[in-house]
Amino acid sequence: MVEAPNRGYKIIGKPVPLIDSRAKVMGQALYTDDIRLHNPLTIKILRSPHPSANILSLDVTAARTLKGVKGILTGADFKNTFGVLSISKDEPALARNVVRYEGEPVAAVAAETAEIAARALDLIKVSYQLTEGVFDSKTALKPTDSPLHPELGKENNLHKKVLQEFGDMEQGFADADVIVEKRFRFASINHAFTEPHATQVEIDNRGNITVYSATQVPHYLHIAMAEVLEIPQHNIRIVKPHLGGGFGGKSDPFPHEMIAAKFALELGRNVKLKFSREDVFFSHHGRHQTDLTMKLGFSKDKGITAIDLNTLIDGGAYGSFGIVTTYYNGVLLQGPYKLPNFRFHVNRLYTNKPMCGAMRGHGGVNPRFASEVLLDMACAETGLDPAETRLNMIHKENTLTTNEYRVTSVGLRNGLTEAIRRTKWKEKHGNLPFGKGIGVACGFFISGSALPIHWNKLPASTVRITIDYDGGVTVYSGAADIGQGSDTMLAQMAAEVLGQPMDNIKVISADTRTTPVDLGSYSSRVTFMAGNASRNAAIRMRRLLVEAACILLEMPPPTYDKPDAPEDYFRQGGRKPDFEQGFLGANPDYADGFIIEDGLIRSEQHNTSVTYLEAVEKALETDGILQTSGTYRAPKMGGNFKGSGAGLSPSYSFTAFIVEVTVDVQTGLIKVDKATCAHDCGRPLNPLAVNGQIEGCIHMGLGQALMEEMVYDNGATQNPSFLEYKIPSAFEQPDVDIVPCYSDDSEGPFGAKEAGEGILAPVIPAIANAVYDAVGIRLTQLPMRPDRVLAALERNKKKGAKP
């Protein structure tokens with residue numbers, strides 16, 4: 001296990017078991033479907049069997065008369081459409097007049113039992129007029145008289161177009177010693193989370209509803225539900241129970257959540273709903289199917305001189321996070337290397353397929369594959385070592401990218417250097433027996449989006465802390481723990497600042513009635529943003545306790561001077577807390593001349609102390625309550641051009657992988673033998689959790705690299721189950737070596753950055769580059785199935801390439 005160098009911290013940097021781990025392994029954790037409401041109705045959803053059709057008639061008469069049926073909803077019962085992005089609210093809770101993908105909800109039944117609800121669905125009669133569908137991005141670009149979303153006023157099925165150019169492209173390619181260009185194709189993939197979508201709604205005698213749902217974004221669901229139901233937000237409470245995986249797949253508001261809430265309000269009854277695995281695949285929201293062409297210029301002396309990217313991404317029937325995805329397919333190529341000249345053109349298209357949205361490594365995974373494969377090709381053409389070349393191009397700390405991203409901390413250079421040493425890269429690369437190979441790739445990702453999805457001036461995250469009469473500490477946060485351990489991280493923040501053991505910290509999270517607003521678990525934002533907010537709330541609480549201790553010790557309290565100006569644009573954290581402002585600052589230095597540990601609050605200067613409980617009791621005398629709040633706000637950053645906020649983050653993570661593979665030339669099977677990872681997440685707050693994230697990203701990367709793909713036939717999903725949608729098992733997981741890779745980010749909480757998403761992207765091209773080293777083939781289509789390997793080997797054989 002990798003641990004960061006200790007700076008005297010008691011909790012931070014130590015391997016801490018997740019605070020909910022015992023409940024999970026003992027089967028005590030309650031997931032959404034485990035909750036037992038009083039006498040709930042069961043909801044079933046009727047889904048369209050067609051990917052593209054007009055609804056001519058919908059007759060629910062027979063279904064309504066079935067004994068035990070309490071309610072039926074159709075598209076006519078919902079006025080407003082919705083979406084996670086305020087600029088792309090295009091999805092109905094139930095289809096109205098037209099269906100746009102196979103599996104789209106058309107009607108819903110609430111009945112006393114699941115069996116009755118299922119029988120009622122069979123009694124609903126829907127008359128469809130089949131219409132010509134559009135099933136691929138290229139067709140979607142063509143003019144049409146009947147676009148999927150005529151309300152946009154476009155002559156084709158274009159959802160979003162982004163074209164950005166930085167530097168001098170002509171000069172960039174003129175400076176190149178070699179120019180490499182390839183077309184790449186990536187299948188759409190599913191999140192394949194363990195827990196299917198589920199929602200339960202409880203209604204009280206005043207018409208207020210509590211929605212228990214498997215969601216990553218309680219706050220955005222809260223907003224969308226109020227708009228769709230046309231009721232005030234204060235009549236709705238959103239609670240996220242334990243979540244069995246999300247990976248971005250539960251970061252939208254969903255139709256089934258609107259349907260369940262509507263039934264509860266209409267019928268005055270508690271209701272419940274759970275997806276089958278087939279329903280999950282129909283709902284999808286996975287990674288976009290992508291077709292891209294990339295050209296890369298490379299100089300032996302200057303490194304990458306230019307990248308030109310042209311991409312089509314298939315968004316499916318509705319918007320989801322698609323506008324953000326469109327930008328992320330280009331802008332996240334600005335790291336981990338200096339890129340002076342860069343142009344990208346990305347089109348997101350509507351098609352008659354289940355929609356795509358955010359998925360781990362959002363938007364950056366597929367273009368990262370292309371750029372890292374092309375860079376490897378350039379190294380091969382110029383005779384340069386691919387690992388050493390990457391090492392020399394990594395961003396330096398405290399620099400601006402071409403599109404004005406602020407790069408603060410970078411620890412990857414040391415990490416990759418150690419990975420090269422550990423793997424014996426220089427001995428192995430190009431020297432292993434035929435069929436054995438080693439490859440390298442690097443990546444770069446955001447530590448939270450600096451700009452909110454809904455434009456406002458609210459903090460990115462707010463945390464509240466209370467202390468009980470017996471000294472117990474409770475942290476309240478709207479952040480959603482989706483299995484990544486964010487509740488544990490929030491508790492670590494409070495425990496370290498307040499000098500308390502982890503057992504004395506409780507966390508209440510993701511409940512819109514009791515917790516302050518956090519924008520949600522997406523874009524790797526929770527550690528950086530909610531972590532800072534929790535730390536700041538604890539610092540305010542620490543001040544109250546220290547001042548109470550000073551009264552008991554009959555000494556003046558510490559003075560808290562206004563902080564000095566930031567060290568510079570790139571290092572704005574680590575200053576003294578600004579108690580005159582609502583936001584104390586990022587990662588402020590809370591040293592106050594006191595030490596809180598072992599149940600004592602001790603003055604360092606006078607070596608006198610009081611007990612922690614004595615200070616708590618004294619502090620409570622003023623108002624009878626000990627309560628503080630902390631916030632996080634991103635600094636002002638970015639350029640002035642359109643789209644400059646996309647991908648803008650207060651800090652960025654950096655990752656390198658060296659992967660070793662075996663390729664069976666008889667079967668085409670690729671086996672990943674070992675993955676060595678150097679991930680710069682700043683200071684690892686909890687090495688146990690960080691290592692788990694790294695191993696999980698490797699596992700998910702293996703799936704996209706080697707086997708996972710959604711298969712469609714004219715819009716019809718062909719593999720909507722885990723029998724047909726192959727994901728890696730434990731047997732495919734390689735040996736993993738995690739290399740220390742630290743940096744000191746002044747603004748991250750205790751120096752931390754993200755460790756949940758950025759790790760995934762580079763493992764995939766590292767595998768592809770290792771395959772080239774093993775058998776001399778360049779694979780440009782994912783997944784790298786055995787049949788594609790065999791076909792590429794055969795092409796090489798016909799060209800006369802030697803093993």
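The values are calculated or read from the model by the stated rules, or taken from the named source; none is laboratory data. It should be emphasised that the depicted structure is a prediction, and the values quoted were computed from it without experimental measurement. As a convention, Cβ positions derive from the backbone with ideal geometry for all residues, glycine included, and neighbour counts pool all protein chains shown. Accessible surface is based on the protein model in full, side chains and every heavy atom, while ligands, DNA and RNA are left aside. Shrake-Rupley method; radii C 1.70, N 1.55, O 1.52, S 1.80 Å.
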Scanning segment 522-558 for residues that are charged (D, E, K, R) and more than 30 Å from Leu648 (Cβ to Cβ), the one farthest from the chain's Cα centre (by Cα) turns out to be Glu554
Just one listed residue, out of Tyr590, Tyr560, is farther than 24 Å from Tyr476 by Cβ, open to solvent by less than 70 Å² (accessible area, probe 1.4 Å) and in a loop (DSSP other than H, G, I, E, B), and it is Tyr560
- Do we find a residue being surrounded by 17 or more Cβ atoms within 10 Å (Cβ to Cβ), under 17 Å from Ser188 (Cβ atoms) and under 24 Å from the mean Cα position of the chain (by Cα) anywhere in segment 739-755? no
With the first residue restricted to segment 140-156 and required to be over 19 Å from Ile87 (Cα atoms) and at pLDDT 95 or above, and the second required to be open to solvent by less than 30 Å² (accessible area, probe 1.4 Å) and of a type in the set (Asp, Glu), Cβ contacts under 9 Å at 6 or more apart or on different chains are Ala140/Asp314
Scanning segment 792-801 residue by residue, those free of Cβ contacts under 8 Å to residues at least 40 places away in the same chain and part of a helix (DSSP H, G or I) turn out to be Ala792, Glu794, Arg795, Asn796, Lys797, Lys798, Lys799
Residue set Val763, Val736; condition crowded, with 22+ Cβ neighbours inside 10 Å and either among the aliphatic types (A, V, I, L, M) or at positive phi (or both); output residue Val763
Within segment 699-719, the residues that are crowded, with 23+ Cβ neighbours inside 10 Å and more than 30 Å from Ala140 (Cα to Cα) are Leu702
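Residue-by-condition table, conditions (1) closer than 27 Å to Pro516 by Cα; (2) of a type in the set (A, V, I, L, M, F, W, C); (3) touching a strand residue (DSSP E or B) at 6+ places or on another chain (Cβ under 7 Å):
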{"site": "Glu567", "(1), (2), (3)": "no, no, no"}
{"site": "Phe570", "(1), (2), (3)": "no, yes, yes"}
{"site": "Gly573", "(1), (2), (3)": "yes, no, no"}
{"site": "Lys576", "(1), (2), (3)": "yes, no, no"}
{"site": "Gln581", "(1), (2), (3)": "yes, no, no"}
{"site": "Glu604", "(1), (2), (3)": "no, no, yes"}
{"site": "Ala619", "(1), (2), (3)": "yes, yes, yes"}
{"site": "Ser629", "(1), (2), (3)": "yes, no, yes"}
{"site": "Arg633", "(1), (2), (3)": "yes, no, no"}
Exception for Arg348 within (1) over 18 Å from Leu85 (Cα atoms); (2) assigned to a strand (DSSP E or B); (3) among the charged types (D, E, K, R) falls at (1)
When every residue in segment 527-557 that is of a type in the set (D, E, K, R) and under 17 Å from Thr631 (Cβ atoms) is compared, the one most open to solvent (accessible area, probe 1.4 Å) is Arg543
_Selection status of Leu148, closer than 23 Å to Pro92 by Cα, of a type outside the set (Phe, Trp, Tyr) and touching a His at 6+ places or on another chain (Cβ under 8 Å)_ = no
Discussion item. Any residue that is open to solvent by 60 Å² or more (accessible area, probe 1.4 Å), touching a residue at least 40 places away in the same chain (Cβ under 8 Å), of a type in the set (Asp, Glu) and assigned to a helix (DSSP H, G or I) - is there at least one of those in segment 392-401?
Written reply: no
Residues in segment 219-264 that are free of Cβ contacts under 8 Å to residues at least 60 places away in the same chain and closer than 23 Å to Thr194 by Cβ total 3
